[in-house]
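Trainee: Before I ask anything, let me first share the structure, which is written out below as structure tokens.
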Amino acid sequence: MVLGVKTAVRVVARVPRVPLNVLRWVVPRRRAKGAPDVGLLPTMKWLLLFVGSSVPGIGRVFKANSIESLPPALASYAGRPLNILCMDGGGIRGRNLLVAVEEIEGKMGKPIGQLFDLVGGTSIGGCGALFVNKYGNSMGEAARMARTALMELQTRCFADQSGSRLLRFGHLCRDHRREMLLELCGSSQPLTPPGAGSGGSGVRAFAVASRCRLRGSLEPFLFRTYRFKPPSRRRRRGDNGQGRGEVLPGTCVAQLWQAVEATSAAPAIFPRARLRGMLLADGGLVANDPTLLTLKEACALWPGRRVGLVLSLGTGAANPGLFPGDDRVREAVQAMGGVYVRYQPPVRGISFIETDESKLTEMEEATRRHFRYFACRDVCRRLSASRGPSLRGSWDKMADSVHETCEQWRDACAAAWNSWWSSWSNKSSAGVIHEFEADLETAAWGSAGE
């Protein structure tokens, strides 16, 4: 009897241990104040908030993504129009953003930071926007630094994936982003340097993160590289009569690594970030395409100012094209007096955390060819037309050079055709075709040499 009671006590004592041991991997442990929340359940909470904020009828969509609240440009404003660059999130596929920036800089002959007035990005695009602010005034420096950071992210974070880490801590990849940024950019990199004016240093840029509201929905939170004084409380809720829209929540008092950690804290990939007691996650939860948020920020920074070019760069999609929201964005940009250009490269078989360098290199080469053929010329032409006489003159010279080359090519082809036609009756078809190809190749090399 005693032995049976002891055996029963042992069995009962061991039964709770099984679920408790399992829950230790799922339920977050008690952490010190200020530490990021960890565990699978907090990660699922953020994902459910994302679903609730995105699906109609389940949750509330933050009104910053609504187009109706964008104020139109003032017809009486005579200043130079604004050029705006927007960059999507997409993990390691953000290398396609670097391709587009490198091509634009190469064609325009100017650093990317001198071609745009405002740069906004989400997740990996937000990291790119911050790098444009820090290094965009030197030719090719922003793309070079961003490429180095992406290679470090690929080898030190994405290459180290663990399912047990996902169950226990709520994120799949090892997080070395802070160490990586400190080694690459230095120990002290404030978003707004102390000696800089209200506009900060370099082109104005911001990165989008997301935070949880008290009512159980998500809203964007901007990391700005410039100081922005919000309007008075009386005018904060809407238009003040001069085209100024609502002010989005955000801060400019943070370090570069803090902004990068927050805007790229994708649930289940990286842990959430904490800034002064506030939990922040990837900006793609509220706006993976930050175009509308960038337009709102432009309206708040420059009330009533006309918009010139709005260039929106995607990181790639299996079936690129005009999504249902793009037409609405284009109408909003046109109402503000600007032109909307959306570029989305075709990408298949590349995940957000891809580590195969051969696949990524092939993706970049395909995107470079696609961008050169479909978008580069139109983007550079519009940028040249809106940035002043010097750039317009350089574009005109390049256009004249291309036109002259085409004229020479046309004359060379006509001469080769006449020579071939005159000898048609005296030679065989194979000999004529061979001679025609030789003449054409000679004429082409001659015109190219001239």
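Trainee: Show the residue pairs meeting these rules: Cβ distance below 8 Å; 6+ apart or different chains; first residue within segment 173-198 and at negative phi and modelled with pLDDT of 90 or more; second residue part of a loop (DSSP other than H, G, I, E, B) and surrounded by fewer than 15 Cβ atoms within 10 Å (Cβ to Cβ).
Mentor: Final answer for the pair search is Cys173/Asp160; Arg174/Asp160; Arg174/Ser162; Pro190/Val253; Leu191/Val253.
Trainee: Can you find, within segment 345-359, the residue that is nearest to Asp289 (Cα to Cα) among those that are in contact with a Lys or Arg (Cβ under 9 Å, 6 or more places away or on another chain) and surrounded by fewer than 19 Cβ atoms within 10 Å (Cβ to Cβ)?
Mentor: My answer is Phe352.
Trainee: While we're looking at this one, here's another question. If you check Arg342 against the conditions, is it assigned to a loop (DSSP other than H, G, I, E, B) and surrounded by 18 or more Cβ atoms within 10 Å (Cβ to Cβ)?
Mentor: no
Trainee: Of the conditions (1) under 19 Å from the mean Cα position of the chain (by Cα); (2) in a loop (DSSP other than H, G, I, E, B), Ser138 satisfies every one except a single condition; which number is it?
Mentor: So the condition that Ser138 fails would be (1).
Trainee: Pick out the one residue from Leu41, Leu74, Leu85 that is part of a strand (DSSP E or B) and either at pLDDT 70 or above or not acidic (Asp, Glu) (or both).
Mentor: The conditions single out Leu85.
Trainee: Still on this structure, I have one more. Please pick out the residue among Ala318, Ala273, Ala268 that is touching a strand residue (DSSP E or B) at 6+ places or on another chain (Cβ under 6 Å) and either at pLDDT below 90 or not aromatic (Phe, Trp, Tyr) (or both).
Mentor: The unique qualifying residue is Ala273.
Trainee: List, please: which pairs have Cβ atoms under 9 Å, are six or more places apart or on different chains, and start with a residue in segment 334-349 that is farther than 14 Å from Arg382 by Cα and end with one that is assigned to a strand (DSSP E or B) and of a type in the set (S, T, N, Q)?
Mentor: Tyr343/Ser312; Gln344/Ser312
Trainee: Considering every residue within segment 112-123, establish whether at least one is open to solvent by less than 60 Å² (accessible area, probe 1.4 Å), modelled with pLDDT under 70 and closer than 26 Å to Phe352 by Cα.
Mentor: Checking segment 112-123: not a single residue is open to solvent by less than 60 Å² (accessible area, probe 1.4 Å), modelled with pLDDT under 70 and closer than 26 Å to Phe352 by Cα.
Trainee: Run Gln154 past the list (1) over 21 Å from Trp46 (Cα atoms); (2) assigned to a helix (DSSP H, G or I); (3) free of Cβ contacts under 8 Å to residues at least 60 places away in the same chain and report the number of the one that doesn't hold.
Mentor: If we test Gln154 against (1) over 21 Å from Trp46 (Cα atoms); (2) assigned to a helix (DSSP H, G or I); (3) free of Cβ contacts under 8 Å to residues at least 60 places away in the same chain, just (3) comes out false.
Trainee: Also, quick follow-up: Given the criteria open to solvent by less than 10 Å² (accessible area, probe 1.4 Å) and of a type outside the set (Gly, Ala, Ser), does Asn137 qualify?
Mentor: Against the criterion (open to solvent by less than 10 Å² (accessible area, probe 1.4 Å) and of a type outside the set (Gly, Ala, Ser)), Asn137 does not qualify.
Trainee: Still on this structure, please answer the following. Tally time: how many residues in segment 295-325 are touching a residue at least 40 places away in the same chain (Cβ under 8 Å) and assigned to a loop (DSSP other than H, G, I, E, B)?
Mentor: 8
Trainee: Now for a different question. Six or more apart or on different chains, Cβ under 9 Å: which pairs go from a residue in segment 350-369 that's over 19 Å from Ile104 (Cβ atoms) to one that's open to solvent by 60 Å² or more (accessible area, probe 1.4 Å) and of a type in the set (Ser, Thr, Tyr)? Could you list them?
Mentor: Listed by first residue and then by second, the contacts come to Thr355/Thr155.
Trainee: Answer with yes or no whether Leu279 is in a strand (DSSP E or B) and buried (at least 23 other Cβ atoms within 10 Å of the Cβ).
Mentor: The answer is no for Leu279.
Trainee: Considering segment 108-135 alone, what residues qualify as being of a type in the set (Val, Ile, Thr) and outside any strand (DSSP E or B)?
Mentor: Matches in segment 108-135: Ile112, Ile124, Val132.
Trainee: Let me ask you something else. Could you count how many residues in segment 146-181 are open to solvent by 20 Å² or more (accessible area, probe 1.4 Å) and under 28 Å from Thr294 (Cα atoms)?
Mentor: The total comes to 4.
Trainee: Need the failing condition index for Arg328 against (1) closer than 27 Å to Ser384 by Cβ; (2) at pLDDT below 90; (3) assigned to a helix (DSSP H, G or I); (4) not polar (S, T, N, Q), just the number.
Mentor: Single failed check for Arg328: (1).
The values are calculated or read from the model by the stated rules, or taken from the named source; none is laboratory data. Because the structure is a prediction, the values reported are computed rather than measured. Don't worry about glycine lacking a Cβ; one is built from the backbone with ideal geometry, like all the others, and counts go over all protein chains shown. With ligands, DNA and RNA removed, areas are computed over all heavy atoms of the protein, side chains included. Shrake-Rupley method; radii C 1.70, N 1.55, O 1.52, S 1.80 Å.
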